[in-house]
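In what follows, a single structure is set out as structure tokens and then discussed.
The values are calculated or read from the model by the stated rules, or taken from the named source; none is laboratory data. The shown structure was predicted, so the numbers you read here are calculated from the model rather than taken from an experiment. Here the Cβ positions follow ideal geometry from the backbone for every residue, glycine too, while neighbour counts run over all protein chains shown.
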Amino acid sequence: MPGNAGGQYRPAEDVDIVASTDSAGGACRNYDIELRAATNPAFPSAAYHVEIDGVTASGTVVLPNTGGWNSFGFVGRVTIPLAAGQHVVKIVCDQQYFNLNQIRISASAF
């Protein structure tokens, strides 16, 4: 359906982004960030780091060999403390090559 039903973040685009009323959301806590990525054995040192609001928030994370360009898996988890509120998360490639499919951010179990 055209439009943004929630009217949040990108109101001029056809995405439904809604402000959460979940009491567990929006808290100051640690979050795990993982990439659903694929790497090729021919390039063994694929790596990235995370920036939050323009500041480096993790060290370099070397991705393990997933077995090929189409062998995706969640890899390279880092745990980062975040204050409540909106943040800009940026994944920066430190060393080529890897294919990126998804980014998963979840509340850390620790």
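Of all residues being under 20 Å from Leu82 (Cβ atoms) and exposed (fewer than 13 other Cβ atoms within 10 Å of the Cβ) in segment 28-52, which is modelled with the lowest pLDDT? Just the residue, please.
Across segment 28-52, the extreme among qualifying residues is Cys28.
Restricting attention to segment 100-110, does a residue exist that is more than 30 Å from Thr21 (Cα to Cα) and among the aromatic types (Phe, Trp, Tyr)?
No, because not a single residue in segment 100-110 is more than 30 Å from Thr21 (Cα to Cα) and among the aromatic types (Phe, Trp, Tyr).
For Ser71, state whether it is at negative phi, surrounded by 15 or more Cβ atoms within 10 Å (Cβ to Cβ), among the small types (Gly, Ala, Ser) and more than 11 Å from the chain's Cα centre (by Cα).
Taking the combined requirement at face value, the residue does not satisfy it.
Given (1) surrounded by fewer than 11 Cβ atoms within 10 Å (Cβ to Cβ); (2) at pLDDT below 75, where does Pro11 come up short, assuming only one miss?
For Pro11, the failing item is (1).
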